[in-house]
Amino acid sequence: MPKFYVQSGQVQVVLESLDTHQAAITAFQWWCDRQAEAMFGGIEEDCQLGNEMVVSELGFGGAGAEAFPTLDLLMAWQVEPVEVG
């Protein structure tokens, strides 16, 4: 499975996924999981998402990166949530 670099706001995550869109949704789920851990674990974590998620196979800021509006990813995630392994 290909490796993708996903960046949005203060968040940067590297993960494996089927394609760029699925990588963006998986990164959104990863962010939600971290926010829940911070909220219920009493840990202060300041990592906000930006207005879009930028996904590349070539690294953060890599050429040919694809951008997805974060709001669109939220709606896609609500329809088909993913499990981050």
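The values are calculated or read from the model by the stated rules, or taken from the named source; none is laboratory data. Predicted, not measured: the structure shown is a model, and the values here were computed from it. With ideal geometry, Cβ positions are generated from the backbone for all residues, glycine too; neighbour counts draw on all protein chains shown. Please note that ligands, DNA and RNA were not included when accessible areas were found on the heavy atoms of the full protein model with its side chains. Shrake-Rupley method; radii C 1.70, N 1.55, O 1.52, S 1.80 Å.
A few points about this structure:
- Close contacts from region 69-81, counting a first residue that is β-branched (Val, Ile, Thr) and a second that is open to solvent by less than 80 Å² (accessible area, probe 1.4 Å), with Cβ to Cβ under 9 Å and a gap of 6+ residues or different chains, come to Thr70/Ser8; Thr70/Gly9; Thr70/Ala24; Thr70/Phe28; Thr70/Leu49; Thr70/Gly50; Thr70/Met53.
- Tally, over region 1-48, of residues that are open to solvent by less than 40 Å² (accessible area, probe 1.4 Å) and either closer than 17 Å to Asp72 by Cα or assigned to a strand (DSSP E or B) (or both): 15
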